[in-house]
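Take a look at the structure set out below.
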Ligand SMILES: [Zn+2]
């Protein structure tokens, strides 16, 4: 009997998922009228706390990303300006993108979440991970905040992983909006393959299928723009036809996912028709692929998702698959 318990524990350890979800993410105050507000995390946390696995996830210590780590993607002047501007209290970077006095701390912790989760996977404490963070990141550009995003969390993590010896990083972005900031971070880079499925035409206006990369990055950027109303079958068709063959060809050392859930049929901003089940399927597909190609190494990052119930259900469906 005791032997069986030991075997079960060993199995569980191998499947463990590293999670970041910090109190400081609630303190990035965008106001209750803003779609990207703290209630998103309250809803997600409430849903996860009802599961049997949530309390068993690994919760590594999350350290704020350093200026050096952030400046692998962002202009040092932008980091400096952002740090200073929040000292005066709240304001707006652009019409869509507010900040509050705690936003700089939250943003450095959001970026640091990907790094700390990476470390837990590198140490062998976890197999994969999820950064349930605010502010989100994929619209953030080199020298400015944009579209609710302050630092590009996923791009900063990709650079960190490369410094730690993982040469080839695949970034899959299934948020309903094109990940312009991530695309621009690696547009001329053949070591980070960025693949995005998004509603098109739509905010932010980028993400045309002709944009395949530049210089030696040519062929390492793949936009899969889809019309409003695309559903589970349309997306799964893209996995079969493009995403999986391209992932096989690239053979990444690590897979990162910009996991936005605003392509859900109930999302108030997006116009797509995905069910909650779709996010579960996408995760099963990518987890299997990661096990085949890179020992299961996946980190996903929360991006969008604005219907509180659809968001919580979809995150839970995604995390349940990741954590096995
Ligand atoms: Zn989005």
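The values are calculated or read from the model by the stated rules, or taken from the named source; none is laboratory data. This one's a predicted model, so the numbers in the text were calculated from it and none came from an experiment. Note that we place each Cβ from the backbone using ideal geometry, even for glycine, and neighbour counts take in every protein chain shown.
Restricting the search to segment 277-322, which residues are in a loop (DSSP other than H, G, I, E, B), away from the ligand (no atom under 16 Å from the Cβ) and surrounded by 24 or more Cβ atoms within 10 Å (Cβ to Cβ)? The answer is none; no residue qualifies. Remark: pairs (first residue in segment 287-308, under 21 Å from residue 178 (Cα atoms); second residue in a loop (DSSP other than H, G, I, E, B) and away from the ligand (no atom under 15 Å from the Cβ); Cβ separation under 8 Å; 6+ apart in sequence or on different chains) = 302/132.
Within segment 225-247, being free of Cβ contacts under 8 Å to residues at least 24 places away in the same chain and within 16 Å of the ligand (Cβ to nearest atom) holds for no residue. Applying the set (1) surrounded by 16 or more Cβ atoms within 10 Å (Cβ to Cβ); (2) part of a helix (DSSP H, G or I) to residue 237 leaves exactly one unmet item: (1). Within segment 248-262, being more than 11 Å from the chain's Cα centre (by Cα) and within 10 Å of the ligand (Cβ to nearest atom) holds for one residue alone: 262. Among the residues making up segment 161-177, those that are within 16 Å of the ligand (Cβ to nearest atom) and in contact with a helix residue (DSSP H, G or I) (Cβ under 7 Å, 6 or more places away or on another chain) are 171, 172, 173, 174.
Counting only residues that are within 17 Å of the chain's Cα centre (by Cα) and assigned to a helix (DSSP H, G or I), segment 163-200 holds 6 of them. Taken over segment 54-70, the criterion of being surrounded by 17 or more Cβ atoms within 10 Å (Cβ to Cβ) and either in contact with a strand residue (DSSP E or B) (Cβ under 7 Å, 6 or more places away or on another chain) or not in a helix (DSSP H, G or I) (or both) is satisfied by 57, 58, 60, 62, 64, 65. Could you go through segment 120-132 and let me know if any residue there is crowded, with 16+ Cβ neighbours inside 10 Å, farther than 25 Å from residue 299 by Cβ and out of contact with any helix residue (DSSP H, G or I) (no Cβ under 8 Å at 6 or more places or on another chain). No - not one qualifying residue is present in segment 120-132. Would you mind finding the one in 74, 28 that is closer than 30 Å to residue 320 by Cα and either free of Cβ contacts under 8 Å to residues at least 60 places away in the same chain or surrounded by 14 or more Cβ atoms within 10 Å (Cβ to Cβ) (or both)? Checking each option against the conditions leaves just 28. Somewhere in segment 210-224, is a residue within 16 Å of the ligand (Cβ to nearest atom), at pLDDT 95 or above, within 20 Å of the chain's Cα centre (by Cα) and not in a loop (DSSP other than H, G, I, E, B)? Yes, segment 210-224 contains a residue that is within 16 Å of the ligand (Cβ to nearest atom), at pLDDT 95 or above, within 20 Å of the chain's Cα centre (by Cα) and not in a loop (DSSP other than H, G, I, E, B). Do you know which of the residues in segment 133-160 that are crowded, with 24+ Cβ neighbours inside 10 Å and over 17 Å from residue 30 (Cα atoms) is nearest to the ligand (Cβ to nearest atom)? Per the stated criteria, the residue is 138.
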